[in-house]
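This report concerns only the one structure given below.
The values are calculated or read from the model by the stated rules, or taken from the named source; none is laboratory data. Because the structure is predicted, anything quoted here is derived from the model rather than measured. Here the Cβ positions follow ideal geometry from the backbone for every residue, glycine too, while neighbour counts run over all protein chains shown.
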Amino acid sequence: MPMNYITMSLKEIKRYDIIKKLINKEINGSQAARLLDLSVRHIRRLKGGVKRYGASGLIHASRGRTGNRKIPDKEKQEIIRLLHKYYSDFKPGFAAEKLSEKRQIIRDPKTIRQIMIGEGLWKPKVKKKNIHRAWRQRKASFGEMLQFDGSYEHWLEDRNGTGEICLLAAIDDATGIVTKAKFAADEGVFPVFDFWQEYIISNGKPYSIYVDKFSTYKMNQRVAIENHDTKTQFERAMSELNIEPITAHSSQAKGRVERLFHTLQDRLIKEMRLKNISTVAEANDFLEKTFLPKFNARFSVEPRTKTNLHQKLNQTEIKKLDSVFSRQYRRVVRNDWTISFNKQWYQLTKQQPVTICKQDVVTAEQRLDGLIQFRLRGKYLNYELLPERPKRMNAQTAWVIAAGSKPRSYSKPAANHPWRRQIQQLH
C-alpha cells in the first residue's frame, strides 16, 4: 500500500507539536495561543483541523494544486516565442510593455520576469552592500536646476556604420522631465554650445545647470584651481548669460541624469532597433517627436511649486547669442595691423568702427557656423583674409641670391664612377 507523505515547514511542525500538546491536555488554549502568538479563536480552529485531518489539517488546502490564475500553456509558449525572437535582451518591465503594446498580451511584469528567468533571458541582480549617502530633496520649481551630461554608446548598434556616438541630455531636477536630448559627435565645446543655444532659444534660460568635472565644463589643472578667474569656454558663456554652473564632485551627486542614461541605454536603443532607425538625423527626429513625449508622460513627477524659473531672452540677448556660444581667444594686433589666428593671417582694413592701436589685445570669436570675428571694446573689426605668408629661406640660399648667382646644384656620382671603383677595390 503506497504511503502518503506530507511536506511541512518548520513553522507548521512547531504548530503541530503545540496543538498535539493542547489535544493531550498538557497545556490549555491560552498557553497555546501565547506560545504561537495567535488568538484563542484561531487555536480552536487549528485544534479542530488536527483532530479531523491530522497533521494535514495545518496545511493550506491549495498546496500542490494548480493556481486559478496560471497562464494557459498555449499563451505561455507564445510569450516565450516572442521573447526569444524580439525581446531577448529587454528587461522584464520593458518586455511586458512591448507585449502589451505590440501583441495585446497583458501580463504583470513580475510574471514576465519569472518566464524570462526560467528561459535564461534574465538573471536576478545580486544585491551589493550599500554605501551610506545623504538624500537630497528635489528642487522645488521647474527650471531651477537642470542636470546635464553626455553618454557615449553604440546607440544605433552600428547600423549604417554609425559606430559610437554621444547623446547629450538635460533633465529637470524638480520634475524629472527630459527637457532636451540630442545625438552629437562628441561632448566637445561646439556640440555642447549648439545644444544649449537651441535649448535657450526654445525654452529660455534655466536658473542653474548641474554638470560634472569633464574638461568641457571645468578646468582641473593645478594652475586653474589656484587661479579662480580662469574659466572654460562653457563657464564663460554661462557667466555672460547669468546662468549658474554647478560642478558635481561625484557621479552619484548628479544621479538623476546618470540614471536617465542607464534607462535610455536600455529602452531607447531597443525602441530605435524596432523602428529600424539607422542615421543620426532619424534618431534625433524620433527622439524629439516620439520618444521623449511618451517618456516624460510616464516618468515625470509634479513639482512642489507651479513656478517656472526659465527666463525668456530679451532682444539684446538674442542678438548676442552667436557671440556668447563661440570659442573666444585673445590675440594681439601686430605692427603691420595684422592678426594671426588658427595658422591664418588677417589684415585689418583702414576703416574701422573703433580706434585701433598697435599691440591692442582683441577678442577672436570662432562661431558655430565657422565665421571668424574680431572684437575690440564691444565693436567688431573689419578685416581681409591674407594668403599664406612666404616661408623664410635659409642663410645660404639668401646669400647666393644676394650675390646674383644661381644656387649651386649637386649631382650624385654614378655607380661606375672611377672613385667608386677605387673604393670597391680597397674593400
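Considered as a group, the residues in region 321-333 that are of a type outside the set (Gly, Ala, Ser) and under 18 Å from residue 190 (Cβ atoms) include one that is farthest from the chain's Cα centre (by Cα), and that residue is 329. Taking region 113-205 as the region of interest, the strands (runs of 3 or more DSSP E) fully inside it that hold 3 or more residues being surrounded by 21 or more Cβ atoms within 10 Å (Cβ to Cβ) and touching a Lys or Arg at 6+ places or on another chain (Cβ under 9 Å) are 146-153, 165-172. If you go through region 1-22 and keep only what is surrounded by 11 or more Cβ atoms within 10 Å (Cβ to Cβ) and among the β-branched types (Val, Ile, Thr), you end up with 6, 13, 18, 19. For region 292-305, the condition of being in a loop (DSSP other than H, G, I, E, B), at pLDDT 90 or above and under 30 Å from residue 273 (Cβ atoms) holds for at least one residue. The strands (runs of 3 or more DSSP E) found wholly in region 320-388 and carrying at least 1 residues that are within 21 Å of residue 238 (Cα to Cα) occupy 327-332, 361-366, 372-376. Looking at region 246-277, which of its residues are at pLDDT 90 or above, surrounded by 17 or more Cβ atoms within 10 Å (Cβ to Cβ) and not in a helix (DSSP H, G or I)? 277 - this is the single residue of region 246-277 that is at pLDDT 90 or above, surrounded by 17 or more Cβ atoms within 10 Å (Cβ to Cβ) and not in a helix (DSSP H, G or I).
When region 272-307 is filtered for residues that are farther than 17 Å from residue 158 by Cβ, out of contact with any Gly (no Cβ under 6 Å at 6 or more places or on another chain) and of a type in the set (Ser, Thr, Tyr), the ones remaining, listed by number, are 290, 305, 307. Residues that are closer than 23 Å to residue 189 by Cα and either surrounded by 15 or more Cβ atoms within 10 Å (Cβ to Cβ) or of a type in the set (Phe, Trp, Tyr) (or both) within region 311-320 comprise 313, 317, listed in sequence order. Within region 67-79, not a single residue is under 30 Å from residue 262 (Cα atoms), without any contact (Cβ under 8 Å) to a residue 40 or more places away in the chain, in contact with a Pro (Cβ under 6 Å, 6 or more places away or on another chain) and not charged (D, E, K, R). Among the residues examined, residue 215 qualifies as at pLDDT below 90, closer than 23 Å to residue 369 by Cα and surrounded by fewer than 17 Cβ atoms within 10 Å (Cβ to Cβ). Screening residue 58 on (1) on the phi > 0 side of the Ramachandran plot; (2) touching an Asp or Glu at 6+ places or on another chain (Cβ under 6 Å) shows it passes everything except condition (1).
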